[in-house]
1. Taking GLN47 as the residue in question, decide whether it is surrounded by 20 or more Cβ atoms within 10 Å (Cβ to Cβ), closer than 30 Å to ILE404 by Cα and modelled with pLDDT under 95.
2. Output the qualifying pairs, or none if there are none: Cβ atoms under 6 angstrom, residues six or more apart or on different chains, first residue in the stretch 385-403 and farther than 12 Å from ALA421 by Cβ, second residue not hydrophobic (A, V, I, L, M, F, W, C) and not in a helix (DSSP H, G or I).
3. Could you go through the stretch 66-82 and let me know if any residue there is more than 30 Å from ILE229 (Cα to Cα), in contact (Cβ under 8 Å) with a residue 40 or more places away in the chain, surrounded by fewer than 20 Cβ atoms within 10 Å (Cβ to Cβ) and within 33 Å of the chain's Cα centre (by Cα).
4. Can you find a residue in the stretch 322-345 that is out of contact with any Asp or Glu (no Cβ under 8 Å at 6 or more places or on another chain), among the aromatic types (Phe, Trp, Tyr) and in a helix (DSSP H, G or I)?
5. Pairs only if they're at least six apart or on different chains, beta carbon under 8 angstrom, first in the stretch 413-438 and without any contact (Cβ under 8 Å) to a residue 24 or more places away in the chain and assigned by TED's automatic domain parsing to the domain that holds LYS299, second polar (S, T, N, Q) and in a helix (DSSP H, G or I); list them, first residue then second.
6. Could you check, for the stretch 370-389, whether at least one of its residues is under 20 Å from ASN96 (Cα atoms), modelled with pLDDT under 95 and in contact with an Asp or Glu (Cβ under 9 Å, 6 or more places away or on another chain)?
7. Testing ILE326 on (1) under 30 Å from ARG416 (Cα atoms); (2) in the same structural domain as ILE38 (by TED's automatic domain parsing), one condition comes back false. Which one is that?
Amino acid sequence: MRRERTELIIDDILKVIYAPQKVFKNIVANPKYLGAIIVILLFIGVQVGYEYSQFSKTYTESTNPSIDQLSTFNNATSWRSSPNVTLTNNFNDFFNYTVYVAGFGLPTSDSKAYYLLFGNNSLQLQATNTNSIVAALSNLTLTDQPSVDCSQSGFQNLSMTIKLVDSQSVPQTATLTLYSLNDSNSYQYDLTPSLSNTSTVGQWSNLTITLGPNATGWTPSGSPIWSNITSLTLGFTYPTNSNINIEVGGLFFKGEYLSPVQYNSTGILLQFLQLFSLQFIFAWFIMTGIIFLICKGLKSSVGWKPLFIGIAMAMIVMVIRGLVNIGATFTMPTIYYPFDLSLGVRFDPYAALYFPPEALSTLPAASQAIFHNIDSSTLIFRTVVSGMFAVSYVWLGVLGSFVIGALKPEFSTVKRIAISAISLAIVVLLLIFLVGSV
């Protein structure tokens, strides 16, 4: 008997799609909470599947130090040098790199929504009457990991900005050395060609060096391993003795891309279970409550339970919307957000990921170009998702009018549609305000 009852309820749910006017008369005459429970479980399951499908194609660039600690490698306390070199933090001249942070919850027009990614200081290396300086960063990880993985599956690039302040000439040689486990095993890279143009003196030079077994330009010494990089040094030699002043900023490892499904699948599941449960329950209760109050205000009361179950069954259209959205994710290519865009990625009201274009102005041209490529490659996906928002709520409005008609057949068609439309408009506004998703 229980199985037969369940099959009848599932049959009613399906009839909501193709024979709504007829089936709602049966639903309100014999309302069952089981039908509402089935619909809400289907909705949550489909919506979680939609987000997992979207996230499985979305990768963000990880960094070392982590993106919230990128200023660490600019700090003089993290470095050591020979006695003739003075290491200080320069707060008057630094590499200014501002990004939008969606997690602050502020609009893009608010200056407090932006963050200095590499802090408000640079590392300053100064020496008097000498022709060479060397500085070492001996601890490359702030976590319990003993080293940085720069193998094919790890970080693929090392970025830094260098400003040659004094002397006014360029270095005769400039080298970057990465050590693997100890000082006997290392890879050395020649930075001289990147700093040989005298026009760059007094300007920030942005350097990105390829890492890993397939990278060119590195000279190994001993038996270094790319998967175990533990420290680095910067060395500069000039043709003659002079006062040397070099500033370093924006030093970090990058080029490792991870999907949220890879590094936080449990957290994502819990987050979306909460989000979509609230979205469904709020919409369900609010729409039911408003229709109930309007009918009462018209001095034509309706029963709460029949209306409550009827609206829940009508919300099967949101399950269909979710299924179509899952299909839309198949049109997406694999998306790679660079580190400076990743902090600004957020959900639009349709639960699709995006970066607000109005926050692009602070980013370099390369990151802006990546954004535009992402924007164009996800156009079909975003069009379908936003289109299904409109279709699903119009459809829900029509079904809501059928529920009202089944309960109050004396109401005219115009009155039924008006009551349903007013309730839905309020639902959408409140969902945006309370949940941030519709």
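1. Spelling it out, GLN47 is indeed surrounded by 20 or more Cβ atoms within 10 Å (Cβ to Cβ), closer than 30 Å to ILE404 by Cα and modelled with pLDDT under 95.
2. Partner pairs satisfying both residue conditions: VAL385/TYR350; SER386/TYR350; PHE389/TYR350.
3. No, every residue in the stretch 66-82 fails to be more than 30 Å from ILE229 (Cα to Cα), in contact (Cβ under 8 Å) with a residue 40 or more places away in the chain, surrounded by fewer than 20 Cβ atoms within 10 Å (Cβ to Cβ) and within 33 Å of the chain's Cα centre (by Cα).
4. Step one: filter the stretch 322-345 for residues out of contact with any Asp or Glu (no Cβ under 8 Å at 6 or more places or on another chain), giving 322-335, 340-341, 343-345.
Of the ones still in play, those that are also among the aromatic types (Phe, Trp, Tyr) are 330.
If we keep only those that are in a helix (DSSP H, G or I) as well, we get none.
No: zero hits.
5. THR413/SER401; ARG416/SER401; ILE417/SER401
6. no
7. (1)
Yes/no matrix, rows are residues, columns are (1) closer than 22 Å to ASN96 by Cα; (2) touching a residue at least 24 places away in the same chain (Cβ under 8 Å):
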residue	(1), (2)
THR240	no, yes
ASN243	no, yes
GLU247	yes, yes
PHE252	yes, yes
SER259	no, yes
GLN262	no, no
THR266	no, no
PHE272	no, yes
SER277	no, yes
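The values are calculated or read from the model by the stated rules, or taken from the named source; none is laboratory data. This structure is a prediction, so every number in the text was calculated from the model and none was measured. Backbone-built Cβ (ideal geometry, glycine too); neighbour counts: all protein chains shown.
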